[in-house]
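The values are calculated or read from the model by the stated rules, or taken from the named source; none is laboratory data. Worth saying up front: this structure is predicted, and the values here are computed from it rather than measured. Cβ placement follows ideal geometry from the backbone for every residue including glycine, while neighbour counts extend to all protein chains displayed. Just so you know, the surface numbers come from the protein's heavy atoms only, side chains and all, with ligands and any DNA or RNA stripped out. Shrake-Rupley method; radii C 1.70, N 1.55, O 1.52, S 1.80 Å.
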Amino acid sequence: MTSKSLQIERHAPYPLRKWYSRRREINFDPPYQRKGGIWSEYDRGLLIDTIINGLDIPKFYVSDFGRRSSSLEDGNFVYAIIDGKQRLQAIFDFMSDKFALNKDCKWRFEPNLELGGYFYHDLEDHHPRIATQIDEYIICLIYTSPSPRDRT
């Protein structure tokens, strides 16, 4: 019996805009994943506030089927979320205009600027510098892959 080992690797640093453009390649509901959509709109807004202000957010973990085969693989997806489902879904929902910024959202570079109630498209139209802050935000994404000696 041979044992297959997994490597944990850091994905190339892609900005949120690139991940958003690839969102349909990500399986948010693999069999092991818990139910989604449990964060309140306010909590999701706090995450976007964190990104707008350039603060760190925790790493995301995925299975990358482009680098390894798995019984969990679904031919329609390149990735499957292991950890970070609520965060990534909140980011994509904001970028899809599904919710607005919290009323108390402030931008650290212009604290008097009222951002509450803005949707993503509003930022693109009225505050493109802030929308760019979201678009160019780099997330740390870790993926699993087989070790080179296990690839055949």
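Give me the accessible area of Tyr42, 1.4 Å probe, in Å² rounded to the nearest 10.
Surface open to solvent at Tyr42 totals about 110 Å².
May I ask you to list the GluC sites (Glu not before Pro) in the stretch 29-136 that are in a DSSP loop and have at most 16 other Cβ atoms within 10 Å of their Cβ?
Counting only loop positions with at most 16 other Cβ atoms within 10 Å, the GluC sites (Glu not before Pro) in the stretch 29-136 are Glu73, Glu114, Glu136.
Could you rank His11, His121, His127 by how accessible they are, 1.4 Å probe, largest area first?
Ranked from most to least accessible, the order is His121, His127, His11.
Applying 1/(1 + (r/R0)^6) with R0 = 35 Å to the Cβ-Cβ distance of Leu55 and Gln33, what FRET efficiency is obtained, to the nearest 0.05?
E(calc), rounded to 0.05, equals 0.85.
Rolling a 1.4 angstrom probe over the protein chains, ignoring ligands and nucleic acids, what is the accessible area of Thr50 in square angstrom, nearest 10?
40
How much net charge surrounds Ser96 when only the other residues with a Cβ under 13 Å from the Cβ of Ser96 are counted, with Lys and Arg +1 and Asp and Glu -1?
+2
Quick check: net charge around Arg10, other residues with Cβ under 12 Å of its Cβ, Lys/Arg +1 and Asp/Glu -1?
In short, -1.
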